[in-house]
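Just below is one structure, and these are the notes that go with it.
The values are calculated or read from the model by the stated rules, or taken from the named source; none is laboratory data. Bear in mind the structure is a predicted one, so any value in this text is a computation, not a measurement. Here Cβ is always computed from backbone atoms with ideal geometry, including for glycine, and neighbour counts include all displayed protein chains.
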């Protein structure tokens, strides 16, 4: 059993850390809001007052926070992981973040003898809860191999994608697909409602054919029930799409479909749904069509 650190116990992180804890590993945790870590603490996790304290108590530290600025602060801030006098030996950032930042963390970690992986995930709150995440990893292959048994506790689909930043570039590909699936799901259900169809029946049939996607089968039923609670925050998806568009612009690549969905989600946030789930795009499209 290992001494594992975990920074970020939000919608997904708490479940992911919980799988490591249930496997018998000793857990040290930090989150900006302690109450979100209470379930882990009740089950024996040690509460730490900062990321640097987590690093000082752990062999390996996992992080999953909100935005690239949060990642930078968690690793390189005044109380960051890389400021520990006796740091952990491996850090794994599972946040969806910038590939350039993943490379910077890799380089800064190497200066103090710490290995680094970027390992963003896909699967949302359901995948995190059920340990069915897809995990895409960048960094040294030999470090990936060391961490692989821990990744297996969080999901069955794990892929080594290449050097530092490769995991984040792969997650960009993932989010481009998700963006297309989300607008397709929401527009199809809006059309179904306008035509007087039963939206759940539509999901049940189209979700089993060529139109099948994670979005229609998992988020579609939430739309039907009027459930816009977050499995993944709108504001975080806006961040992800912004990273993808920046990376595409840097290589001279036009992604007009992604740009359209990004703008629509900015409208969703402007309507007050930044902390709602990504399925709240349905509400913005309803408003666009004058539907209550």
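Filtering the range 31-65 to residues that are closer than 15 Å to residue 92 by Cα, in contact with a strand residue (DSSP E or B) (Cβ under 8 Å, 6 or more places away or on another chain) and crowded, with 19+ Cβ neighbours inside 10 Å leaves 51, 54, 55, 58, 60, 61, 62, 63, 64, 65. Of the residues that make up the range 203-210, is at least one in a helix (DSSP H, G or I), crowded, with 18+ Cβ neighbours inside 10 Å and over 19 Å from the mean Cα position of the chain (by Cα)? Yes, that holds for at least one residue. Assess whether residue 197 counts as being out of contact with any strand residue (DSSP E or B) (no Cβ under 6 Å at 6 or more places or on another chain) and modelled with pLDDT under 95. The answer is no for residue 197. Looking only at the range 223-238, filter to residues that are at pLDDT 95 or above and within 13 Å of residue 178 (Cβ to Cβ); which one of those is surrounded by the most Cβ atoms within 10 Å (Cβ to Cβ)? So the residue we want is 237.
Answer with yes or no whether residue 174 is over 30 Å from residue 291 (Cα atoms) and not assigned by TED's automatic domain parsing to the domain that holds residue 121. Judged against the criteria, residue 174 is a match. Count of the range 1-11 residues, restricted to those that are within 15 Å of residue 233 (Cα to Cα) and at pLDDT below 95, is 2.
The number of residues in the range 243-260 being touching a helix residue (DSSP H, G or I) at 6+ places or on another chain (Cβ under 7 Å) and surrounded by 13 or more Cβ atoms within 10 Å (Cβ to Cβ) comes to 7.
Within the group 100, 79, 116, which residue is under 25 Å from residue 15 (Cα atoms) and surrounded by fewer than 20 Cβ atoms within 10 Å (Cβ to Cβ)? One residue alone meets the criteria, 79.
Here the condition is being at pLDDT 95 or above, surrounded by 19 or more Cβ atoms within 10 Å (Cβ to Cβ) and at negative phi; of 274, 220, it holds for 220 alone. Scanning the range 1-24 for residues that are touching a residue at least 40 places away in the same chain (Cβ under 8 Å), surrounded by fewer than 19 Cβ atoms within 10 Å (Cβ to Cβ) and closer than 14 Å to residue 59 by Cα yields a total of 2.
Across the range 171-192, the number of residues qualifying as free of Cβ contacts under 8 Å to residues at least 12 places away in the same chain and either within 19 Å of residue 222 (Cβ to Cβ) or in a loop (DSSP other than H, G, I, E, B) (or both) comes to 2.
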